[in-house]
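So the structure is just underneath, and the comments pick up after that.
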Amino acid sequence: MSTLFRRRSLAAYVYGHVLNSHKVHTSTAPLLQETGLYGFNHLKTPKGFRRFVEDAIERSNELVTFISGMPSAPEIIGAMDEISDTVCSVIDSAELCRATHPDREFVEEASEASLRINEYIHHLNTNHCLYMAVVKAEQDSHLLNEEAQRVAHHLRLDLEKAGIHLPSEQLDRANQLNMEIVQLCREFNENIINDPGHMDIFPASHIPKKLHHLARPIYRTTSGAFGGSAWSMTNMKEKGFRLPTDPNTLSSILQWVSDAEIRKTAYIQGNSAPLGNLGVLDKLIAARHEFAQIMGHSSYADLAVHSSMASSPDIVLSFLLEMSEIVRPRADEEFKTIWNFKREKSGQLYGDLEPWDETYFTAIMKSAVYDLDSSVVASFFPLSQCLEGLKVLAESLFGVTFHHIPLAPGESWHPDVIKVALHHPDEGDLGYLYLDLKSRKNKHPVCAHFAIKGGRRLSETDYQLPIVALVCNFLGSKPASLLNHWEVETLFHEFGHALHSLLSRTDYQHFSGTRVVIDFAETPSNLFQYYAWDFRILKTFARHYSTGDVIPEDLVKSIRGAKDMFSGTELQRQIFYALIDQKLFGEEASSIRDTASIVAELKRQHTSWKHVDGTHWHTRFGHLASYGAGYYSYLYAKCFAATIWQKICEEDPLSLAAGSAIRHKFLQHGGAKDPGDILNDLVGKGILNSRYGGIVPDITSLSHEMELKN
């Protein structure tokens, strides 16, 4: 999942996409002298972020002056790319710091730095000299190589998306809206963290012991009977538990608590927080819609999708509706299976199947059919062994190894963080990766890939190596920090993003790694999820934490079987999420303020489950802020990845041949080539379909995998 923080190009920050990037460090040797966060000397102290911003602005202004002199096309594009690299280093470092640093002062200074550099980017995006220089470079395309031509074209489009071509009054309003959008997205995500909701349960015995570590003991006074020959009333203290209803805790409650009333309370409470985001989302929808209309688009969805593979919301919607129709029979069948199981289990022949029943009864059914015990499964996935699995995967596919790099004083933000270099025997170090994988207090509950620096060519002999961070929030049950299998899948997903950044070799950081169109970015991560389910891979690293025994093949078959049991329901859920995203930021939704009603109607139309009145689950759906009409990209990626897996990887998933194709035909190009060309070159025909001027994935491979009638 994801995820997701994503980094776009220079101007795209301004136009409202939320960020995730990659970059940096030109040295191949560890720096052991004192430094600052991520190797930036400025960041030795929290206030160093201020100087970091000032220096970035100073250097960028020097480059702006140079570009304003209208040098040659290659010099213009190179200087523009350096500006982007300079300011993105600040933004990306600030976003990583905000999500992970335990020191509140660092977090606050990083937040301020992010706002200041975003304001400066708005200034850059209204600089007509830069725009005219980029136009000149694009017109002089004969002086540029193919990638530079693509950079010139995309820079012009990005500047126009920021409103550079607008009359001054409209441009001022567009800039104001951009800042509002940045602030609203930040407020939306902060509300999710700060207001997860909670529930109080009495007596404490109603909560299974395996959930006690998630709860805080509370007490209430009750009246009790006491006396010798006569009865008298006395006060007694009854112990209970207060549980937060953040998504992870809520999922645990819904899975493990047998009392339906407690599950119902948890479901309603968890899906009714944060209340404040109803208003924030209304403002965000309105701001994005107004911005899109200023830019000449009918809706924010039209603006966001315009430059993607899909090219228009109509094509996205046609794809989602097609997927919804195909999966509906399978999802309805699964719904009936769960309902019948509940009736049999409860002895209530006429009871309804409620939304808070799904997680509980499907977990029981999976365990019963496949004899699964989650603690047994986790015993084969100590975190240290899972990291070995990533090493096996990288070496088998790409012939690269990971080497631990000593962290210089001040470079790390927490003792749990480790740093590794991705090394090729012939090519040397390819990039650097920070790993920050364990949950801790005040750490953002996100699993994501952050770019600190993106790769770019500095000269014929020098290359700026990418530096990225892979951040997760694994609780890691004791002993040995054991992971649930879904956490293993998450780790492999994020590793796919990291490899995209580390293995790309673009001339310009503008296209480094995951800096691609939105509906292509999730493809590597979805592809590498397959490696978390294949016994041929798992047997190379999944070992019991105490005995060292290799995970049994039968157990892996059971895990996969349990995954497939309700895969139609899960796919339907993802389609529903994507439809919400499209609807809220589409033209029809622009004047509708009751987002809860929209979500309720979509749930009734496109899922097998009922909506619970009064709930508003979507107010904790962070992708509405970060992706904004782009969540459909996960489904695009799911289809692309299924085709790549079946045609390139499945026969021999650890072969160097498969790895060479993935690296050299796919990952190394980042965004420097058209994504359609990359996919066709990798797979050949059968991965893309043209539709009304846009591109949709071929769903044949996914349908075959899920046994859907296509």
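The values are calculated or read from the model by the stated rules, or taken from the named source; none is laboratory data. What you see is a predicted model, and the numbers here were worked out from it, not measured in a lab. Counting neighbours? That spans all protein chains shown, and the Cβs are built from the backbone with ideal geometry, glycine included. Areas reflect the complete protein model, heavy atoms only, side chains present, ligands, DNA and RNA absent. Shrake-Rupley method; radii C 1.70, N 1.55, O 1.52, S 1.80 Å.
Coupling constants for region 390-398 follow from the phi torsions by the Karplus curve (6.51 cos²θ - 1.76 cosθ + 1.60, θ = phi - 60°), and in residue order they are 5, 5, 4, 4, 5, 6, 5, 7, 10 Hz; glycine and proline get x. Over the C-alpha atoms of region 285-330, the Rg to Rh ratio, Rh being the Kirkwood estimate, stands at 1.15. Heavy-atom accessible area with a 1.4 Å probe sorts Y300, Y370, largest first, into Y370, Y300. When the P(r) of region 401-541 is calculated, the portion above 28 Å amounts to 21% of the C-alpha pairs. So if the hydrodynamic radius of the chain is defined as the Kirkwood radius over C-alpha pairs, what does Stokes-Einstein give as its diffusion coefficient at 20 °C and 1.002 mPa s, in µm² per second? For the chosen part, D equals 80 µm²/s. The order of the peptides 474-481, 352-359, 309-316 by mean Cβ neighbours within 10 Å, most packed first, is 309-316, 352-359, 474-481. The angle separating the long axis of helix 485-503 from the principal Cα axis of greatest extent in the chain is about 0 degrees. With a Förster radius of 30 Å applied to the beta-carbon distance between D681 and E395, the computed FRET efficiency rounds to 0.75. Taking all Cα-Cα distances within region 108-170, those exceeding 19 Å account for 43%. Compared with the alpha-carbon gap, the fully stretched path from T65 to K47 is longer by 3.7 nm at 0.36 nm per residue. Each of G347, G399, F335 was placed along the dipole of region 298-408 (beta-carbon charges, centred on the mean Cα), and the one lying farthest toward the positive end is G399.
With only Cα atoms counted, region 477-543 has Rg and Dmax values of 14.6, 46 Å.
Kindly state, to the nearest 0.05, the FRET efficiency for D534 paired with S318, given R0 = 41 Å and r defined as their beta-carbon distance. Using R0 = 41 Å, I get an efficiency of 0.80.
Both radii were evaluated on the Cα set of region 361-480; the Rg over Rh quotient, with Rh as the Kirkwood radius, amounts to 1.07.
If the chain linking E553 and N127 were pulled fully straight, counting 0.36 nm for each residue of separation and taking away their Cα-Cα distance, it would gain 147.3 nm. Pairs of Cα atoms nearer than 8 Å and 6+ residues apart set the relative contact order; for the chain it is 19 percent.
Note on region 637-682: dipole from Cβ charges, positive end direction compared against P675, Q646, I662; the farthest Cα belongs to P675.
Computed about the Cα centre, the dipole magnitude for the chain is approximately 1800 debye when only Lys and Arg (+1) and Asp and Glu (-1) carry charge, each at its Cβ. Simple spin-label estimate for S251 and E460 gives 5.2 nm between the two label positions (7 Å along the Cα-to-Cβ direction from each Cα). Is the C-alpha gyration tensor of region 323-372 telling us rounded, prolate or oblate? Criteria: a/c under 1.5 is rounded; beyond that, a/b larger than b/c is prolate, otherwise oblate. Taking the square roots of the gyration eigenvalues as a ≥ b ≥ c, region 323-372 is oblate. Divide the volume of the convex hull around the Cα atoms of region 449-502 by the residue count and you get 77 Å³ per residue. For D416 and R691, the difference between the fully extended length at 0.36 nm per residue and the C-alpha to C-alpha distance is 94.2 nm.
Of the residues H424, L43, T249, the one whose Cα sits farthest towards the positive end of the charge dipole of the chain is T249 (charges of +1 on Lys and Arg Cβ, -1 on Asp and Glu Cβ, taken about the Cα centre). In percent, rounded to a whole number, the relative contact order of region 607-710 is 27, using alpha-carbon pairs under 8 Å and six or more apart.
Computed on protein heavy atoms with a 1.4 Å probe, the accessible areas place R150, R536, R263 in the order R536, R150, R263, largest first. In region 56-185, Rg over Rh equals 1.02, where Rg is the alpha-carbon radius of gyration and Rh the Kirkwood radius from pairwise Cα distances. Computed from the C-beta positions of E427 and E651, the FRET efficiency with R₀ = 22 Å rounds to 0.20. Taking label points 7 Å from Cα along the Cα-to-Cβ direction, D674 and I193 give a separation of 4.1 nm.
Within the shell of other residues whose beta carbon sits under 12 angstrom from the beta carbon of L166, the net charge comes to -1, with Lys and Arg scored +1 and Asp and Glu -1. Computed about its Cα centre, the charge dipole of region 42-171 is approximately 160 debye, with only Lys, Arg, Asp and Glu carrying charge at their Cβ. About its Cα centre, the dipole of region 505-585 is roughly 80 debye, where the only charges are +1 on Lys and Arg Cβ and -1 on Asp and Glu Cβ. Solvent-free Debye calculation, one equal scatterer per alpha-carbon of region 378-439: log10 I(q)/I(0) at 0.14 Å⁻¹ equals -0.47. What shape does region 542-625 have by the C-alpha gyration tensor, where a ≥ b ≥ c are the square roots of the eigenvalues, rounded means a/c under 1.5, and otherwise prolate means a/b greater than b/c and oblate the rest? Prolate, since a/c reaches 1.5 and a/b exceeds b/c. With a simple spin-label model that places each label point 7 Å from the Cα along the Cα-to-Cβ direction, the separation between R104 and S477 comes to 3.4 nm.
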